Amino acid sequence: MPERSSSADFAVPQALRNTSIVERRRRARHLIEPGGLAVKAGIVELTGNDREMIYGALIWIADKFRTLP
């Protein structure tokens, strides 16, 4: 029976781990901030936190911006 690799064989160097953590946090912040704007604008309260309605409204807004002259 072949030997199994230990988890040490797949260890990621600390510098790379820190980079990926920083990148994950940056991405998370990038995704969370627009949600905060929706709350500040009152959209969440107006829709009763109906995420499907909010998503539909955002799609509608994006479509309107695409068709601006």
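Using +1 at the C-beta of Lys and Arg and -1 at the C-beta of Asp and Glu, which of L31, Q14, I61 has the Cα lying farthest in the positive direction of the dipole of the stretch 13-66?
Value: Q14.
Given the peptides 26-34, 40-48, arrange them by the average over their residues of other C-beta atoms within 10 Å, most packed first.
Sorting 26-34, 40-48 by mean packing, highest first, produces 40-48, 26-34.
In debye, nearest 20: dipole of the stretch 13-66 around its Cα centre with unit charges on the Cβ of K, R (+) and D, E (-)?
400
Each reported figure results from applying straightforward, stated rules to the coordinates on display, with no laboratory input. In this text the structure is predicted, and so the values were computed from the model without any measurement. Positions of Cβ are generated from backbone atoms using ideal geometry, with glycine treated the same way; all protein chains shown enter the neighbour counts.
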